[in-house]
Amino acid sequence: MNSLFDRVKIGNIEVKNRFIRSATCEKLSDSDGHNRKQILFDYYEDLAKGGVGTIISSFAKIDKNEIPSINMMGIYDDSFIEEYKKLTSIIHKYDTKVIMQIVYGGSQSKNNSKDNIVFGPSSIKNPSSNMTPIEMTKDNIKYIIQKFIDAAVRAEKSGFDGVQLHIAHGYLLSQFLSPYFNRRKDEYGGNIENRGRIIYEIYEGIRSEAGKNFIISVKINSDNFIDEDSYNIEECIEVCETLDKMGIDLIEISGGMGCSRENEGAIRKVKTKDDEAYFRENTSKVANIVDSPVAIVGGLRSIDIMEDIINKEKIEFISMSRPLHSEPDLINKWKLDKNTKLRCISCNQCNKGGKICVFR
């Protein structure tokens, strides 16, 4: 029988349990993406010593000239390396691994001003921000691919155990997968193989530059939950199969965009057990096809449901965020007593930024 506290591997790296803190923008960085506030370092230290096996950081922007979120982390030049060395060394003291999530936001963000150059696969107005991006030329695509590669190299130099490509929730790479946002007629548009091409080229570039033990992960939508968009679990599986064959180390399955149908986005209301694990079916479909380890995220609250998932499905990792905002030591509490009740009430106030949790 599998245990949530089994020591397992992500790629070539052993982690102390199956719990992952999923990426969340805490909005604790400065406006330029630098991390000068002690509260951010304290927050990550609390998570690390609280028992979680792997932390996926807040998303970090790869390009100085766009703003996916206010007060988010940055990794767009070498000036970040020393401060992240400090952060990763703190986390590693507790036998916890840390992966940096890297992102280009594009038209999903409402924070870009009219002066920002914002790229998109096609020049399609985004319903969630009312922003129309510039359709990327092939040179623009090469530029963004290199930005992701450079960011990953910096993350490795900074002591991170890996990176996670953000291919979910309506940001640029998930827009490339979307037939609604991607209406290109060249080799980066059309069928799902072409729409995924930018992702595969980023992966290949990072793999060629990074060390053999450096984790490369993805967070990917299983469905966009948009009426006008045909991207769904079948296309998600095709992308994951390709990444699996290429050697991806971890696949985290999510869903939804800023313009998804109500309560069908990435963050949903969780009031009862029936509301939990809302991506379980789609995550299981991916896990049944690929050999790479798969993580489930989305409304996980009850340890008995988590135990059921890792024993009845091929899913190997449990990824969550909101409960760990409220109780960073929750994993240690569960290890001592799995009947420990959560403090988190899924109020979602933590996702507004500025305050980690209403109970802290």
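Summary of values
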{"item": "Theoretical ellipticity at 222 nm over the chain - DSSP helices of four or more residues, -39500 (n - 2.57) apiece, nearest 500", "result": "-9000 deg cm²/dmol"}
{"item": "Degrees separating the helix 233-246 axis from the principal Cα axis of the chain, which is the longest one", "result": "80"}
{"item": "Footprinting exposure proxy for 322, 183 (fewest neighbouring C-beta atoms within 10 Å first)", "result": "183, 322"}
{"item": "Prolate/oblate/rounded call for the chain, Cα gyration tensor, a/c under 1.5 rounded", "result": "rounded"}
{"item": "Most mobile listed residue (72, 246, 100) in the chain, GNM with C-alpha springs under 10 Å", "result": "246"}
{"item": "Stretchable slack from residue 135 to residue 115, in nm (0.36 nm times residue separation minus alpha-carbon distance)", "result": "5.6 nm"}
{"item": "Share antiparallel - DSSP beta bridges, the chain, percent rounded to 5", "result": "10"}
{"item": "In degrees, nearest ten, helix 303-312 long axis to first principal axis of the chain (Cα)", "result": "70"}
{"item": "Within region 212-269, GluC sites (Glu not before Pro) in DSSP loop having at most 13 other beta-carbon neighbours inside 10 Å", "result": "228, 262"}
{"item": "Environment charge at residue 162 (Cβ cut-off 15 Å; Lys +1, Arg +1, Asp -1, Glu -1)", "result": "+2"}
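Coordinate-derived values only; no laboratory data. Here the structure is a predicted model, which is why all the values come from computation and not from measurement. When we count neighbours, we look across all protein chains shown, and the Cβ atoms used for this are built from the backbone with ideal geometry, even at glycine.
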